[in-house]
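Undergrad: Just passing along the structure, written as structure tokens.
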Amino acid sequence: MNDENRIDPGHNRPRNALRTAGPIVLGSGILLTVAGFGSLIVAIATGGMPILFFLAFIGLPLTFVGTVMTFAGYMGKIARYTQAESAPVAKDTFNYLADGTQEGVRTVATAIGEGIGAGIGAGAASTEGETKIRCHKCNDLQAADAKFCDSCGATLEKNKPCPSCSELNDPDARFCDNCGHSF
């Protein structure tokens, strides 16, 4: 099934009419314009009056209308051609930019992570001058040096190494805190 049959069947009739009438009107406009200007040129060369020059004033608008009708009749084909030509270029450009900026994005993400870690620590909170860490299971605040949660008993140590970058993560982590690797 070609592209033209996938669109609404109600479009076939007007599209075909535009594709037929457009070139006929365009050709008629060009012929009338040429006849009108030809009459003017002959009149200038012979010193007479341009008898058929008025045809140019009929032909020029017909040329415009015929051009618009023809363009409207082939608009779908033109749009599909343009899309097929430009989409691969846009895709290649996007991929080129993405490949070229990966290292910069990684550097910014690392700097942000270090900045957050330099504060009170990831998952940590400060209450009355005492630093506490949040349990990854029950979300309860615990002392910063605690090994297990007082509320649920879960281990608070990061003991799950990332196979990609060796960063230690929470035992139930689904993604690495450092590189984002999926566990």
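What follows is calculated from the coordinates using simple rules that are stated; it is not laboratory data. All values reported here derive from a predicted model rather than from experimental measurement. Because the Cβ atoms are built from the backbone with ideal geometry, glycine has one as well, and the counts that use them run over all protein chains shown.
Undergrad: Fewest first, what order do 81, 74 take by the number of other Cβ atoms within 10 Å?
TA: Listed from fewest to most nearby Cβ atoms, that is 81, 74.
Undergrad: While we're looking at this one, here's another question. Expressed as a whole number of Å, what is the distance separating the alpha-carbon centroids of the range 142-166 and the range 13-91?
TA: So the two Cα centres are separated by 77 Å.
Undergrad: OK, next. Just to be sure I understand: with springs between alpha-carbon atoms less than 10 Å apart, which residue in 90, 45, 72 has the highest mean-square fluctuation in the Gaussian network model of the chain?
TA: Greatest mean-square fluctuation among the candidates belongs to 45.
Undergrad: Test of understanding: ordering 151, 39 by Cβ neighbours within 10 Å, fewest first, what list do you get? Spell out each step's value before the answer.
TA: Numbers: 151 13, 39 19.
Ascending number of Cβ neighbours within 10 Å: 151, 39.
Undergrad: Around residue 168, under 10 Å between beta carbons, what's the net of Lys plus Arg minus Asp minus Glu among the other residues?
TA: -2
Undergrad: Roughly how tilted is helix 12-46, in degrees to the nearest 10 and between 0 and 90, from the longest Cα axis of the chain?
TA: For 12-46 against the chain, the angle is about 50 degrees.
Undergrad: A follow-up question, please. Can you sort 75, 69, 49 by how many other beta carbons sit within 10 Å, fewest first?
TA: If I rank by nearby Cβ atoms, fewest first, I get 49, 75, 69.
Undergrad: Restricting to DSSP H runs of at least four residues, report the calculated mean residue ellipticity at 222 nm for the chain, -39500 (n - 2.57) per run over all residues, nearest 500 deg cm²/dmol.
TA: One gets -20000 deg cm²/dmol as the mean residue ellipticity at 222 nm.
Undergrad: Anyone know which of 76, 115, 47 comes out most mobile in the 10 Å Cα GNM of the chain?
TA: Most flexible of the set in this elastic network: 47.
Undergrad: Another one. Got the relative contact order for the chain handy, in percent, Cα pairs under 8 Å and 6 or more residues apart?
TA: So the answer I get is 12 percent.
Undergrad: Okay, moving on. Using Cα atoms only, what is the angle between the long axis of helix 75-118 and the major principal axis of the chain, expressed in degrees (0 to 90) to the nearest 10?
TA: That works out to roughly 20 degrees.
Undergrad: Going by alpha carbons, how many degrees (0 to 90, nearest 10) lie between the helix axis of 54-73 and the longest principal axis of the chain?
TA: So the inclination is approximately 30 degrees.
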